[in-house]
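**Q** Quick one: the structure is below, and I'll ask about it shortly.
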Amino acid sequence: MSTTTTPPPRQKCIGLPWPELNDGLAYKDVVSSSDSELRTVLDFYSTKYKSSAPLLGWVQRIQNGQIQIDGEVVKDPTTLLRSGSKLVYHRLPWKEPDTPYSLEILYEDDDMIALNKPSGLQVLPGGLFQQRTLLTQLQWCFGNKEASHPVPVHRLGRGTSGILLCAKTKLAKTKLAAYFAEGTSLVGFGNLDQECGTGRKISKIYRALADGIVAIKQPIGVVRYPGVAKGLYVASPEGKPALSKVAVLERDMQRNCTLVKVEIQSGRPHQIRIHLAYMGHPLVGDPLYVAGGQPKCFDPNVVDAAAFAQDGGYRRPNQAVPGDCGYHLHAHQVELPNLLNPSKVVKVAAPLPPILQTRSEAEEEALYSCKLS
């Protein structure tokens, strides 16, 4: 099998500045016959979407005129519903948190694009980030091109930087998704060496800043967590299998941290953060996960029902949430078959942030910069 290594980055960047406010959102529902016990518009929203806002928050949203029934704005929370009614809730535009927008293209062919995602940029819409996402930038920058509508085929955490693969065609999306799914499906509870074999089609190598590390094989599951509607991923014996291979690159005794290389076969959410924390070595600066692979202390039953924002929704929780940044994790290298010619291998590398470079790598880069100048 021959190998195609990408040339040095072409320094081609895409990205448009974010507007001050996003466009808000519209959520559509149809009242079904099974919703017969939800007689009023307030009953409907405060019951079906209680994780979005408390009861008083939905009262506020209705009185603001943010709800339509069959195309008509209603402001009375006691307005009666009937089966088949079409409801629309308009979430008010808001200023999303400051977010980088520039994306460097590391590799591109007819089927895919490999981007260098900056830390702080969310990949897909969720929570406070509905417009300021990598997906939005792809839509803005490629939306007018008839033959190309690239979409991400996997995710990186908002605070994670590095390589993100995007498919340009439906066939490429299907193939890449299959590569990622195959790697995850191979992880079970059998022989570790067999699971770490070279049979999988895609290889993902990360850099991270942590402390003394060994190979980690710990299931990852979900627990209830305030501010995270679908629950928080943590180290859990009842969770799904997950495997990370970790190698120490360099220890810094003065800063009491270690630079590590991590290769993951499975792709569980926040896998590297959870696994390193599970072994007692959370990522330096991680605001959420602590030793044991669990979140910092919190009481999931304490929710301040009065603490809602201007449009009636819950305010951001006081405790850390998965999208918070501050840690150092970088998707450094990806290797996979060329989608048109599987006998060839494509290797993509994203430049390392200075804090994730070994001393020899930093010295080599400094020497290279001096030669250029």
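The values are calculated or read from the model by the stated rules, or taken from the named source; none is laboratory data. For clarity, every value in this text was computed on a predicted model and none was experimentally measured. With ideal geometry, Cβ positions are generated from the backbone for all residues, glycine too; neighbour counts draw on all protein chains shown.
**Q** Being of a type in the set (Ser, Thr, Tyr) and under 17 Å from residue 139 (Cβ atoms) is the filter here; which residues of segment 96-120 pass it?
**A** 99, 101, 102
**Q** Being crowded, with 21+ Cβ neighbours inside 10 Å and either polar (S, T, N, Q) or assigned to a strand (DSSP E or B) (or both) is the filter here; which residues of segment 54-73 pass it?
**A** Within segment 54-73, 66, 67 meet the criteria.
**Q** Continuing with this model, one more query. With (1) surrounded by fewer than 17 Cβ atoms within 10 Å (Cβ to Cβ); (2) farther than 24 Å from residue 337 by Cα; (3) at pLDDT below 95 as the list, and residue 88 as the residue in question, which single condition is left unmet?
**A** Condition not satisfied by residue 88: (3).
**Q** If you don't mind, another one. Which number in (1) within 30 Å of residue 326 (Cα to Cα); (2) in contact (Cβ under 8 Å) with a residue 60 or more places away in the chain; (3) of a type in the set (Asp, Glu) marks the one condition that residue 111 misses?
**A** (1)
**Q** Within segment 118-153, count every residue that is under 21 Å from residue 22 (Cα atoms) and within 18 Å of the chain's Cα centre (by Cα).
**A** Looking only at that region, the number is 23.
**Q** Filter segment 91-107 down to residues that are surrounded by 18 or more Cβ atoms within 10 Å (Cβ to Cβ) and among the acidic types (Asp, Glu) and give me whichever is modelled with the highest pLDDT.
**A** 104
**Q** What tally of residues in segment 80-123 results from selecting those that are in a strand (DSSP E or B) and more than 22 Å from residue 50 (Cβ to Cβ)?
**A** Residues that pass the stated criteria total 13.
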